[in-house]
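A.B. asks: Next up is a structure, given as C-alpha cells.
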Amino acid sequence: MRKYEYTERQTVAMLGRRGFLKVVGVTALAFGVTGYAVVDLLQRRHDVIKARQAGLYRDDKICQKNGLTNSHQNPSVQRFYVDMKTEPVGGLAHDLLHTHYYPRSQLAAMGGKH
C-alpha cells in the first residue's frame, strides 16, 4: 500500500491555499458575527421603542382619566402660575416658558466656534 503525502508547492503569492482559506474563513466569521450584532442591536432598539410607546400611551390614559389633558391643568403647573402671579397665556408665562429659535447655520459652518 502506498501512502500519499500532500505538500504545497512554492508560489510567488504571500499565502498558500491553506493560508488563503484560513483568511477567508476568519473574514467570513467576522462578517457573520458583526452582522448578527447589528441585527440584534436593531431588534433591541425596536423593542425599547415599542416599550416606550406603550408606557406613553399608558401614562396618557391615566392623565385622561384624571382630567389632565392639557399641561396647564397639572397641579404643579397651576401652582407655578399662582406663585408667579400670571395665567397660562399671560405675558410673563410666555417669556419664562417658551423657547425661541435662533438660526445656527453660520455657527455650524464655523465648526461650533464663536
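The values are calculated or read from the model by the stated rules, or taken from the named source; none is laboratory data. The structure displayed is predicted, hence computed values, not measured ones. Cβ sites come from the backbone with ideal geometry, for glycine too, and all protein chains shown count toward neighbours.
A.B. asks: Quick check on the stretch 50-58. Is at least one of its residues surrounded by fewer than 10 Cβ atoms within 10 Å (Cβ to Cβ), of a type in the set (A, V, I, L, M) and either more than 30 Å from HIS98 (Cβ to Cβ) or without any contact (Cβ under 8 Å) to a residue 40 or more places away in the chain (or both)?
C.D. replies: No: zero hits.
A.B. asks: Moving on. (1) among the hydroxyl-bearing types (Ser, Thr, Tyr); (2) at pLDDT below 80; (3) within 28 Å of the chain's Cα centre (by Cα): which one isn't true of THR11, the others all being true?
C.D. replies: So THR11 meets the others, but not (3).
A.B. asks: Pairs under 7 Å by beta carbon, first residue free of Cβ contacts under 8 Å to residues at least 40 places away in the same chain in the stretch 86-111, partner of a type outside the set (S, T, N, Q) and loosely packed, with under 11 Cβ neighbours inside 10 Å, six or more apart or different chains?
C.D. replies: none
A.B. asks: Moving on. Condition test on TYR81, is it without any contact (Cβ under 8 Å) to a residue 24 or more places away in the chain and either surrounded by fewer than 10 Cβ atoms within 10 Å (Cβ to Cβ) or in contact with a Lys or Arg (Cβ under 8 Å, 6 or more places away or on another chain) (or both)?
C.D. replies: no
A.B. asks: If you check every pair at least six apart or on different chains, which have Cβ atoms under 8 Å apart with a residue in the stretch 16-34 that is free of Cβ contacts under 8 Å to residues at least 24 places away in the same chain and assigned to a helix (DSSP H, G or I) first and a residue that is surrounded by 11 or more Cβ atoms within 10 Å (Cβ to Cβ) and of a type outside the set (Lys, Arg) second?
C.D. replies: VAL23/LEU15
A.B. asks: GLY35: touching an Asp or Glu at 6+ places or on another chain (Cβ under 6 Å) and either among the small types (Gly, Ala, Ser) or exposed (fewer than 10 other Cβ atoms within 10 Å of the Cβ) (or both), yes or no?
C.D. replies: No: the conditions fail for GLY35.
A.B. asks: Within the stretch 87-107, is there a residue that is among the small types (Gly, Ala, Ser) and in a loop (DSSP other than H, G, I, E, B)?
C.D. replies: The answer is yes, given that some residue of the stretch 87-107 is among the small types (Gly, Ala, Ser) and in a loop (DSSP other than H, G, I, E, B).
A.B. asks: In this structure, is LEU68 at negative phi and not in a loop (DSSP other than H, G, I, E, B)?
C.D. replies: Judged against the criteria, LEU68 is not a match.
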